[in-house]
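Data block below; observations after.
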Amino acid sequence: MGAFLNLVDAVLFLFFVVIAVAAPLIDAQMCLPAGLLPDLLVDLNNWYTREYGDYLVAEKPHFFVGIVWLELLFQWPLALLNLYGILGGKPWFNTTCLIYGVSCFTCMAAILSELMGSQKASDKLLMTYFPFMGLGVLAFLRGLLPHSGKTTTTIGKRPLLGRKKRV
């Protein structure tokens, strides 16, 4: 099971790196004025919107902007914590991963419901959103699995040397 957990952690690590970079640089354009970001990032976002036909990014419906705010203020810090938790083998990684997975899955359920229900989304667009749903499920399930990092606890333990014997 250790090799499997390491593989899952590696996949999640890559996912969290993508989120750590994309959320403040790309997704923040939904909420912030265009003048705050470099033209290169604005052009990249415009290219993506045209190439994939992402009408949610183009039209900016209120529910989608709210989900992006949730991603920026809640999920993005959790993604950073999860990166640190994976690298440091922290015992709280399961908890933060579980929280992130549930939040990501919930947001993706709303977005994918809109995309599929509106009949406006192309297969190409759906294929850009579905992996994030799957990774949300993976993060959720990883949060339920035992911690794979090796940590030692020193709470309540004292060094054997240096103790004075009581008479």
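If the condition is being touching a residue at least 24 places away in the same chain (Cβ under 8 Å), out of contact with any Phe, Trp or Tyr (no Cβ under 6 Å at 6 or more places or on another chain) and closer than 16 Å to Leu80 by Cα, then region 1-26 contributes Asp9, Val11, Leu12, Phe13, Phe15, Phe16, Val17, Ile19, Ala20, Pro24. Just one of the listed residues (Gly85, Gly117, Gly101) is at pLDDT 95 or above, part of a helix (DSSP H, G or I) and within 22 Å of Tyr52 (Cα to Cα), namely Gly117.
Identify, please: which residue in region 2-36 is more than 30 Å from Leu145 (Cα to Cα) and open to solvent by 60 Å² or more (accessible area, probe 1.4 Å) and is, among those, modelled with the highest pLDDT? This residue is Leu25.
Selection of region 112-134 for residues being touching a residue at least 12 places away in the same chain (Cβ under 8 Å), closer than 22 Å to Val8 by Cβ and open to solvent by 40 Å² or more (accessible area, probe 1.4 Å) yields Phe130, Phe132. Here Val137 qualifies as among the aliphatic types (A, V, I, L, M), under 14 Å from Phe15 (Cα atoms) and in a helix (DSSP H, G or I).
The values are calculated or read from the model by the stated rules, or taken from the named source; none is laboratory data. Just so it is clear, the structure is predicted and the values come from calculations on it, not from any experiment. Note: ideal-geometry Cβ built from the backbone for every residue, glycine included; neighbour counts use all protein chains shown. With ligands, DNA and RNA removed, areas are computed over all heavy atoms of the protein, side chains included. Shrake-Rupley method; radii C 1.70, N 1.55, O 1.52, S 1.80 Å.
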